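Novice: Let me begin by handing over the structure; questions about it come next.
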Amino acid sequence: MPNAVDVDQTTQAFVPQEQEALLVVLPHPDDESFSSGGTLSLCADAGVPATYLCGTYGDMGRRMGNPPVANRESLRDVRVVEMRAAAEVLGIAVEFLGLRDKCVEFEDADDLAARIASYVTTKKASTVITFYPGFGVHPDHDAIGHATVLAVRSLPPRERPLLLGVAVTGADAARAGLDGAKLGEPEVTVDISAVYKRKIAALKAHNSQTATMFAQWVNVWDPETLEELPGAPEPDAQTIAWRDRLTKRERFYVLDPDARTLRE
Ligand SMILES: [Zn+2]
């Protein structure tokens, strides 16, 4: 078993230029920018077709913007417009599965897997990114991750893409009773420092969801670059971890599609 000292040796590089196509399958508008906005941008810049297959319209979200830019009725339309703007910033295509927000866990997993598998095949995806089932913290995250594992499993082994999982770690995972340490270190690290401003711009395009987050940081960092302001208070460890995720690196676990997920 690798230990912490071996982390660098076990980390696999993800080379966008070597990809045929990238497909990201997550449930909500903004999940793509948080988890893989840098990786998507790097693929787009390398001329690799990159698609976000977005499960829902995010219309049950509790955030409405700061100040509010939507209400319960208009949130769906607002988030679709924001999603298309974020996709434009990242240079990717976006397609919606049209599932009901906050209800993905009630979908028939095999039916959903069949729909996702058809996208994997049509898009000729060489890599698929989804949530690590059981470590997504949100039921929609775990459900779409599980269905995506089933989708890849349903393909003949030679046609299967590399399957990467996003695990929610840190304080959010701790609150949900998940121990990131059980997973060890992610095997794949993508250096996003060359494109992080695009990731931040894409997150800002999801204004109804992210305005509060950026407002919290306004006295600590330059809001455009997230670089520390002179004389700013020392950020806490959680804030620094956030900044690393947004500006330095995206990390993924390699998922074995034949291994039982935590939902089986
Ligand atoms: Zn989400």
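Here, each number is a calculation from the coordinates, and none is a lab measurement. Every value quoted in this text rests on a predicted model; they were computed, and no experiment measured them. As a convention, Cβ positions derive from the backbone with ideal geometry for all residues, glycine included, and neighbour counts pool all protein chains shown.
Novice: All but one of (1) crowded, with 17+ Cβ neighbours inside 10 Å; (2) in a helix (DSSP H, G or I); (3) charged (D, E, K, R) hold for E250, so report the exception by its number.
Specialist: Failed condition: (2).
Novice: Among residues belonging to segment 130-162 that are surrounded by 21 or more Cβ atoms within 10 Å (Cβ to Cβ), away from the ligand (no atom under 12 Å from the Cβ) and under 30 Å from I240 (Cβ atoms), point out the one that is nearest to the chain's Cα centre (by Cα).
Specialist: Y132
Novice: Kindly provide the set of residues from segment 191-236 that are farther than 28 Å from A70 by Cα and of a type in the set (V, I, T), ordered by number.
Specialist: Within segment 191-236, the subset farther than 28 Å from A70 by Cα is 191-195, 227-236.
Hits for segment 191-236 are I192, V195.
Novice: Something else: For segment 215-247: of the residues being of a type in the set (A, V, I, L, M, F, W, C) and crowded, with 17+ Cβ neighbours inside 10 Å, which is nearest to L155 (Cα to Cα)? Walk me through how you get there before you give the answer.
Specialist: Filtering segment 215-247 down to residues of a type in the set (A, V, I, L, M, F, W, C) leaves 215, 217-218, 220-221, 226, 229, 232, 237, 240-242, 246.
After this cut, where a residue has to be crowded, with 17+ Cβ neighbours inside 10 Å as well, the list is 217, 220-221, 226, 242, 246.
Numbers: W217: 44, V220: 47, W221: 46, L226: 42, W242: 36, L246: 33 Å.
Ranking the qualifying residues of segment 215-247, first place goes to L246.
Novice: Ok, one more. Would you pick out the residues in segment 71-88 that are surrounded by fewer than 21 Cβ atoms within 10 Å (Cβ to Cβ) and in contact with a helix residue (DSSP H, G or I) (Cβ under 6 Å, 6 or more places away or on another chain)? Please lay out each step first, then the result.
Specialist: Of the residues in segment 71-88, the ones surrounded by fewer than 21 Cβ atoms within 10 Å (Cβ to Cβ) are 71-74, 76-77, 80-81, 84-85, 88.
Of everything in segment 71-88, just one residue is surrounded by fewer than 21 Cβ atoms within 10 Å (Cβ to Cβ) and in contact with a helix residue (DSSP H, G or I) (Cβ under 6 Å, 6 or more places away or on another chain), namely A85.
Novice: Can you name the condition, by its number, that A125 falls short on among (1) of a type in the set (A, V, I, L, M); (2) surrounded by 17 or more Cβ atoms within 10 Å (Cβ to Cβ); (3) part of a helix (DSSP H, G or I); (4) away from the ligand (no atom under 16 Å from the Cβ)?
Specialist: Going through the list (1) of a type in the set (A, V, I, L, M); (2) surrounded by 17 or more Cβ atoms within 10 Å (Cβ to Cβ); (3) part of a helix (DSSP H, G or I); (4) away from the ligand (no atom under 16 Å from the Cβ), A125 breaks only (3).
Novice: Of all residues in segment 76-92, how many are closer than 16 Å to D31 by Cβ and not basic (K, R)?
Specialist: Going through segment 76-92 one residue at a time, the tally reaches 9.
Novice: May I ask you to list pairs of residues, at least six apart or on different chains, whose Cβ atoms are under 7 Å apart, with the first in segment 128-140 being under 15 Å from E250 (Cα atoms) and the second being part of a loop (DSSP other than H, G, I, E, B)?
Specialist: Filtered contacts from segment 128-140: V128/P161; Y132/A167; Y132/L255.
Novice: Of all residues in segment 195-241, how many are touching a residue at least 60 places away in the same chain (Cβ under 8 Å) and under 21 Å from the mean Cα position of the chain (by Cα)?
Specialist: Applying the first criterion (touching a residue at least 60 places away in the same chain (Cβ under 8 Å)) to segment 195-241 yields 195-196, 198-199, 201-203, 205-212, 215, 238, 241.
The next check asks that each one be under 21 Å from the mean Cα position of the chain (by Cα); those that pass are 195-196, 198-199, 201-203, 205-212, 238, 241.
Qualifying residue count for the region: 17.
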